[in-house]
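The values are calculated or read from the model by the stated rules, or taken from the named source; none is laboratory data. No experiment lies behind these values; they were computed from the predicted model shown. Using ideal geometry, Cβ is built from the backbone for each residue, glycine included, and neighbour counts are taken over all protein chains shown. All accessible areas refer to the heavy atoms of the entire protein, side chains included, with ligands and DNA or RNA removed. Shrake-Rupley method; radii C 1.70, N 1.55, O 1.52, S 1.80 Å.
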Amino acid sequence: MMEGVGGRKLAATVLLLRDGEINGTPDLEVYIQERVPTMPHFPRASVFPGGGVDPRDFPDFSNGDIWEGPDAHEWAQRLGTPPEVAHALVFAAVRELFEETGTLLAEHRDGGGLVGEAGAYHRYRAELESHRMSLTELLNRENLAIRTDLILPFARWASPDWDEEAHFDTFSFVAIEPVGQSPDCQTREAASSGYFPPALILEGWRAGLLRLVIPTWASLFELSRFHSTAELLDRIHEFDMSPIVDDAVNNPRYAEFYRVKRQERF
C-alpha cells in the first residue's frame, strides 16, 4: 500500500458541519467525538470522525459503478497525490464517517436520489469496522454509489518526526450533514459526541476540560472564523493541501496551542 509523506500511514478525517445557533445567533457547528481512554492513539482526545486508510479503500475496478462525482484523477489534483491514493483517501473518509457516525454520503444507483435516513444500512457498520466487509461490497450489495461531491478538501497534517504517539499523514475533508441524516455515537471508539460551535470547543480546551491534538485544534481555529456552512463553502478554495509537518511548532499561528499543551495534565 502506498504511504504518505516520509513513510507515514495515510489517514482521513471528516469535519461534519451543520448550521446551528448560539444564544439565538446563527453559527456554524461541527460534530466532534471524545475518544475512549482505551484507544491506542490519542486516548480521551476530542477528535473528528476518521481513521487510517487500509487496502480495501484502494480502487478495485472490477466492482461496479460505485463512484459518482469528481473522479480520482480530479481528486488527485486537489490532494496532490497519485489517483490511486486519492481514491483510497476519499473512500476512507466516506467509510470512516459511516462507521463512526452512521452518516452515509451516497446515492441510490437506481435513480432514487441521495440516501436520506441511513438506518437501514447501519447493520453494516460493525462489519466494516471489523474488516469483514469493504465499503465496495456494501455499495454493490445495496446498489449505492458514494457521492464524491459531498466532501471537500480542507487540510493536511503529517505527524512530526518527534511525535512518539503516532505517525500519520492525515487528509481532512469537510462535509455538510445530509438532509434526513443525523450522526450518532454508536461506535466503540467514542465515549461521547455532539455538534458544537468551534469557538465553544476551543473555550473548553482553554479551560482544561478537553484534550485536543494540533490538527484538531488548528481545524477548529480555522472553522471558528466562519458562522455558516455557506460562508465556509464560499472560502473553501482558499485552503492549502500542502502537508504541515514540523514547522507547526514554530508557526506563530499555532503558538497558543503549544503554550497551553505544555500545561496539560491529561
Of all residues making up region 69-93, the number that are open to solvent by less than 60 Å² (accessible area, probe 1.4 Å), in a helix (DSSP H, G or I) and not small (Gly, Ala, Ser):
8
A careful count of residues in region 120-137 that are free of Cβ contacts under 8 Å to residues at least 40 places away in the same chain and either in contact with a Ser or Thr (Cβ under 6 Å, 6 or more places away or on another chain) or under 19 Å from residue 188 (Cβ atoms) (or both) gives 9
Can residue 96 be described as crowded, with 16+ Cβ neighbours inside 10 Å and either among the small types (Gly, Ala, Ser) or in contact with an Asp or Glu (Cβ under 9 Å, 6 or more places away or on another chain) (or both)?
no
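Which of the residues belonging to region 224-235 are touching a Pro at 6+ places or on another chain (Cβ under 8 Å) and open to solvent by less than 90 Å² (accessible area, probe 1.4 Å)? Outline the logic, then answer.
At the first step, the residues of region 224-235 found to be touching a Pro at 6+ places or on another chain (Cβ under 8 Å) are 224, 227-228.
Once the filter is applied, which keeps residues that are touching a Pro at 6+ places or on another chain (Cβ under 8 Å) and open to solvent by less than 90 Å² (accessible area, probe 1.4 Å), region 224-235 yields 224, 228.
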Could you tell me which residue of region 16-33 is nearest to residue 195 (Cα to Cα), considering only residues that are modelled with pLDDT of 95 or more and out of contact with any Gly (no Cβ under 9 Å at 6 or more places or on another chain)?
30
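Which residue, of 48, 42, is open to solvent by less than 20 Å² (accessible area, probe 1.4 Å) and not β-branched (Val, Ile, Thr)?
Just one listed residue meets the conditions, 48.
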Residue list for region 186-223, filter: under 18 Å from residue 27 (Cα atoms), open to solvent by 10 Å² or more (accessible area, probe 1.4 Å) and hydroxyl-bearing (Ser, Thr, Tyr)
195
Test for residue 248: is it open to solvent by less than 40 Å² (accessible area, probe 1.4 Å), touching a residue at least 40 places away in the same chain (Cβ under 8 Å), over 23 Å from residue 150 (Cβ atoms) and not aromatic (Phe, Trp, Tyr)
yes
Pick from region 1-12 the residues that are open to solvent by 20 Å² or more (accessible area, probe 1.4 Å) and within 15 Å of residue 87 (Cα to Cα): which of them is modelled with the highest pLDDT?
3
Give 22, 66 a once-over and let me know the one that is farther than 24 Å from residue 187 by Cα, in contact with a Leu (Cβ under 9 Å, 6 or more places away or on another chain) and open to solvent by 40 Å² or more (accessible area, probe 1.4 Å).
22
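Under the condition of being assigned to a helix (DSSP H, G or I) and of a type in the set (Asp, Glu), which residue from region 114-148 is most open to solvent (accessible area, probe 1.4 Å)? Walk me through it before giving the result.
Kept after step one, since they are assigned to a helix (DSSP H, G or I), are these residues of region 114-148: 119-129, 135-141, 148.
The next check asks that each one be of a type in the set (Asp, Glu); those that pass are 127, 129, 137.
Values: 127: 59, 129: 48, 137: 92 Å².
The residue in question is 137.
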Keeping to region 95-108, report how many residues are without any contact (Cβ under 8 Å) to a residue 60 or more places away in the chain and under 17 Å from residue 13 (Cβ atoms).
2
Looking only at region 164-177, count how many residues are surrounded by fewer than 21 Cβ atoms within 10 Å (Cβ to Cβ) and farther than 20 Å from residue 43 by Cβ.
2
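Looking at 48, 42, which one is at pLDDT below 95, within 25 Å of residue 185 (Cβ to Cβ) and within 19 Å of the chain's Cα centre (by Cα)? Even if it seems obvious, please write down each step before you answer.
Numbers: 48 fails: at pLDDT below 95.
Going through 48, 42 in turn, just one is at pLDDT below 95, within 25 Å of residue 185 (Cβ to Cβ) and within 19 Å of the chain's Cα centre (by Cα): 42.
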Which one of these does residue 111 not meet: (1) outside any loop (DSSP other than H, G, I, E, B); (2) without any contact (Cβ under 8 Å) to a residue 60 or more places away in the chain; (3) small (Gly, Ala, Ser)?
(1)
